[in-house]
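Take a look at the structure set out below.
The values are calculated or read from the model by the stated rules, or taken from the named source; none is laboratory data. In this text the structure is predicted, and so the values were computed from the model without any measurement. Ideal geometry is used to build each Cβ from the backbone, glycine not excepted, and the neighbour counts take in all protein chains shown.
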């Protein structure tokens, strides 16, 4: 009888592993669906000024540039599941601390803990999924498609966004944090399960040693791939920061604005399903990056002309292209390049680069929007165009990789 592999129980099938990964993806990020639209509302309810709210939201984006790679390095050494559990518990503790925090200082510290913990979860979840995908490949089991797992993250976040109005009615004002703490218990539960049952640590392949990639050519490709993804993702800064404000000023109803954001998450879910069905390997990674860049250029160019409600919904439906395709392409590419000892770290570097570029773009958007209004989206289109150029370079480097 063939012995069970580390992290896999005797008789456990590939389908069970895929189901477990899907459940983890769906429940781990439930707090995000409420946190994104309503954490600023909670900060305001606690009496913070606009400047203090901006500081509490923007500072963690920079801090994550340092924290995420360190957490990812810990995951590679001690196990991805252990790191997931540590971050989930920190998220719960941060929300609990915020429930009793008063004054800007304590609230700011609590917000940093929450943001760093939550910001580290996507890279760790992707590293966990990629490790199980690679295990299925090397053990000749039926493949696990990344898109089939990742789509459940979008479904969980979308369901929570659609439920957020009812939740806030039940937990109004500064009680929103109680709901967030409760939702984070789901994150703790699945993360602890991952630590106990699915806690892969690295296994060195022959000749890998402790390097990020197997050779210098793959390292150069990884760097260019990270740059391409970071540029494309940072082009979302304008829509993330100022879209809702502008839509409200333009007279869009709250229900229509909610529908616009929900359409974005729904479209990325569809993209992940299609990717899992037709594009399962890293051979499609560069194509996805180029689709993401092209979709972003078209989306932001159209947004710069201040479209009406109907076109806003249609452009939000392109989120699956600009964000979803970029995510698929970058994760698949870097997952294929990282050595088995550095899978979490590779995703950590991607997350850090994306956080830094998004923070910089957000700062610039504040200035550009004040000067040019909706025309600031043209600068976002230029960022996406630069990402397309980097993706083309990555494609050229990929073709020249040694066997």
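Does segment 112-124 contain any residue that is in contact with a helix residue (DSSP H, G or I) (Cβ under 9 Å, 6 or more places away or on another chain), farther than 23 Å from residue 277 by Cβ and surrounded by fewer than 20 Cβ atoms within 10 Å (Cβ to Cβ)?
There is at least one residue in segment 112-124 that is in contact with a helix residue (DSSP H, G or I) (Cβ under 9 Å, 6 or more places away or on another chain), farther than 23 Å from residue 277 by Cβ and surrounded by fewer than 20 Cβ atoms within 10 Å (Cβ to Cβ).
Tell me, which helices (runs of 4 or more DSSP H) wholly within segment 254-362 include 1 or more residues that are in contact with a strand residue (DSSP E or B) (Cβ under 8 Å, 6 or more places away or on another chain)?
Hits in segment 254-362: 326-337.
Could you run through segment 236-249 and say how many residues are at pLDDT 85 or above and either loosely packed, with under 15 Cβ neighbours inside 10 Å or not in a helix (DSSP H, G or I) (or both)?
1
For segment 54-69, name all the residues that are surrounded by 20 or more Cβ atoms within 10 Å (Cβ to Cβ) and over 22 Å from residue 346 (Cα atoms).
The one that is surrounded by 20 or more Cβ atoms within 10 Å (Cβ to Cβ) and over 22 Å from residue 346 (Cα atoms): 56.
Out of segment 364-381, which residues are exposed (fewer than 15 other Cβ atoms within 10 Å of the Cβ) and either at pLDDT below 85 or within 14 Å of residue 236 (Cβ to Cβ) (or both)?
Scanning segment 364-381 gives 367, 370.
Residues that are surrounded by 19 or more Cβ atoms within 10 Å (Cβ to Cβ) and over 23 Å from residue 178 (Cα atoms): does segment 84-97 have at least one?
The answer is no, given that none of the residues of segment 84-97 is surrounded by 19 or more Cβ atoms within 10 Å (Cβ to Cβ) and over 23 Å from residue 178 (Cα atoms).
Yes/no per residue for (1) farther than 22 Å from residue 379 by Cβ; (2) assigned by TED's automatic domain parsing to the domain that holds residue 376; (3) surrounded by fewer than 23 Cβ atoms within 10 Å (Cβ to Cβ); (4) modelled with pLDDT of 90 or more:
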{"site": "302", "(1), (2), (3), (4)": "no, yes, yes, yes"}
{"site": "313", "(1), (2), (3), (4)": "yes, yes, yes, yes"}
{"site": "323", "(1), (2), (3), (4)": "no, yes, no, yes"}
{"site": "334", "(1), (2), (3), (4)": "yes, yes, no, no"}
{"site": "344", "(1), (2), (3), (4)": "yes, yes, no, no"}
{"site": "362", "(1), (2), (3), (4)": "no, yes, yes, no"}
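In segment 1-37, what count of residues is obtained for those that are closer than 22 Å to residue 100 by Cα and modelled with pLDDT under 80?
Total satisfying the criteria: 2.
Identify, please: which residue in segment 390-403 is in a helix (DSSP H, G or I) and either without any contact (Cβ under 8 Å) to a residue 60 or more places away in the chain or not assigned by TED's automatic domain parsing to the domain that holds residue 322 (or both) and is, among those, farthest from residue 130 (Cα to Cα)?
It comes out as 396.
Checking the structure you have, find out if any residue of segment 162-173 is closer than 26 Å to residue 67 by Cα and either modelled with pLDDT of 90 or more or not in a helix (DSSP H, G or I) (or both).
Within segment 162-173, none of the residues are closer than 26 Å to residue 67 by Cα and either modelled with pLDDT of 90 or more or not in a helix (DSSP H, G or I) (or both).
Cβ contacts < 8 Å: first residue more than 11 Å from residue 357 (Cβ to Cβ), restricted to segment 221-240; second residue assigned to a loop (DSSP other than H, G, I, E, B), any location; separation 6+ or different chain. Result?
221/401; 222/212
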